[in-house]
Amino acid sequence: MDWRSAILADPAMLVTVAIVQGSVPREAGAKMLVSRDRVVDTIGGGHLELRAVEIARAMLQDGRQRHLERFALGPSLGQCCGGVVHLAFELADPCHASLLNERRFQDSWRLVALDGRADSALLDGDARQLHGAPAPRFDRSQPTHVMQEADGRRWLVDPVLAPRAHLVLFGAGHVGAAIVRALAHLPCSVTWVDERDDMFPTDVPANVTLEACDTPEALVASAPPGASYLVMTHSHALDQRLAQAILARADVGWFGLIGSVTKRRQFEHRLRERGADRKRIDAMVCPIGLPGIAGKAPAVIAASVCAQLLTVWEASAHAGAGLAPLRLVASSNM
């Protein structure tokens, strides 16, 4: 559960990493939600987090709504990172949290006044007002930061961005289900496809969209540019049709096919016969997974696949540094 979906009965403080300098446990924008008896998410753990929880609960007790504090991560905190973190504390707005939960797959911006009136605003990815007080102009090219108006008033500027990584996963068998569970709390969205509606579990993670489809190849055509594909269905014939459809797209981010080296050779031969481009066939990942992990249990395969996906996604994120919209690619493994 993350801070957006944590619906707490009691008032809670939202703690955000607002400014980072040097070596620090978490990046700017990391958050945790603190109520009188519960903590959701993390800003990095250790003494910094313990101190932040103390401050947040003291603010709940004495009625303070906003606060910005600097922490040097040295001996005084019992930490040796050596960096500096500024934490923003704010009384959580349930309305904004609810709207952000609904907008999980859309970019949003939060602006929170740290001085003066307890103003806050929620804007869409194009800086159009969605809720709250009028917001000052701000720089959308930066990650989470603190800006200051001409009159000295400070604002926390906090992008809440939709996941850039999108995986289209074909196959709702044991391995597919294990991968979906493992991806539940990772920064991605998943379209999970199978012809058999009864194969899907009753409950799925918030980042998953189910598609029970008699023509799963159609989901290849409708996927966003740069999406990643993982094919692991119950049928080799269907796997091959999906592979052909995926290789026919010029904007595929990553494509993994479950199977052995023998299966790869068979598919390479058949795909070449059907006119698939050789370079795209060469880029197809099969077998999938990290080298050196040979276990075949679904949970082992899922761990290997998700680690492989993260290496691809993070490489794409660094290549497309900045906050402009981008499409990340996903990887597969087995």
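The values are calculated or read from the model by the stated rules, or taken from the named source; none is laboratory data. The model shown is predicted, which means the values in this text are computed figures rather than measured ones. For neighbour counting, all protein chains shown are included, and Cβ atoms are generated from backbone atoms with ideal geometry for every residue, glycine included. Note: areas computed on protein heavy atoms with side chains; ligands, DNA, RNA excluded. Shrake-Rupley method; radii C 1.70, N 1.55, O 1.52, S 1.80 Å.
Computed from Cα atoms alone, the Kirkwood hydrodynamic radius reported for region 184-311 is 15.6 Å. Accessible surface for residue 126 stands near 90 Å², nearest 10, in the context of the full protein assembly shown (1.4 Å probe).
P(r) tail for region 134-213: Cα pairs beyond 14 Å make up 68% of the total.
Take the Cα of residue 199, step 7 Å toward its Cβ, do the same at residue 142, and the gap between the two points is 4.9 nm. Here the label points at residue 118 and residue 297, each 7 Å from Cα along the C-beta direction, are separated by 4.9 nm in the simple model. Could you name the lysines whose alpha carbon sits less than 16 Å from that of residue 279, not counting residues in the same chain fewer than 8 places away? Result set, ordered by chain and number: empty. Within the assembled protein chains, the solvent-accessible surface assigned to residue 139 is about 60 Å², based on a 1.4 Å probe.
Estimate the FRET efficiency between residue 266 and residue 5 by the formula 1/(1 + (r/R0)^6), using the beta-carbon distance for r and 56 Å for R0, to the nearest 0.05. About 0.80, to the nearest 0.05.
Ranking of 296, 31 by solvent-accessible surface, largest first: 296, 31 (1.4 Å probe, protein heavy atoms only, all chains present). For the chain, the longest principal axis of the Cα atoms and the long axis of helix 298-319 meet at an angle of about 70 degrees. Going by accessible surface with a 1.4 Å probe and the largest first, 272, 4 read 272, 4. Stretched out straight at 0.36 nm per residue, the stretch from residue 290 to residue 250 would grow longer than its current Cα-Cα span by 11.9 nm. DSSP finds beta bridges in the chain, and of those with both partners inside it, around 65 percent are antiparallel.
Please state, rounded to one decimal and in Å, the Kirkwood hydrodynamic radius that the chain gives when every pair of distinct Cα atoms enters the mean of 1/r.
After inverting the mean inverse Cα-Cα distance, the result is 21.9 Å.
What is the percent carbon and sulfur in the accessible area of the chain, measuring with a 1.4 Å probe over the protein chains and ignoring ligands?
Heavy-atom surface of the chain belonging to carbon and sulfur, 1.4 Å probe: 52 percent.
Label-to-label distance, residue 131 versus residue 69, with points set 7 angstrom from Cα along the beta-carbon direction: 2.8 nm.
Comparing 71, 138, 237 along the charge dipole axis of the chain, the residue lying farthest to the positive side is 237, per the Cβ-charge model. How large is the dipole of region 48-140 about the Cα centre if only Lys and Arg carry +1 and Asp and Glu carry -1, each at its Cβ, rounded to the nearest 20 debye? Value, rounded to 20: 60 debye.
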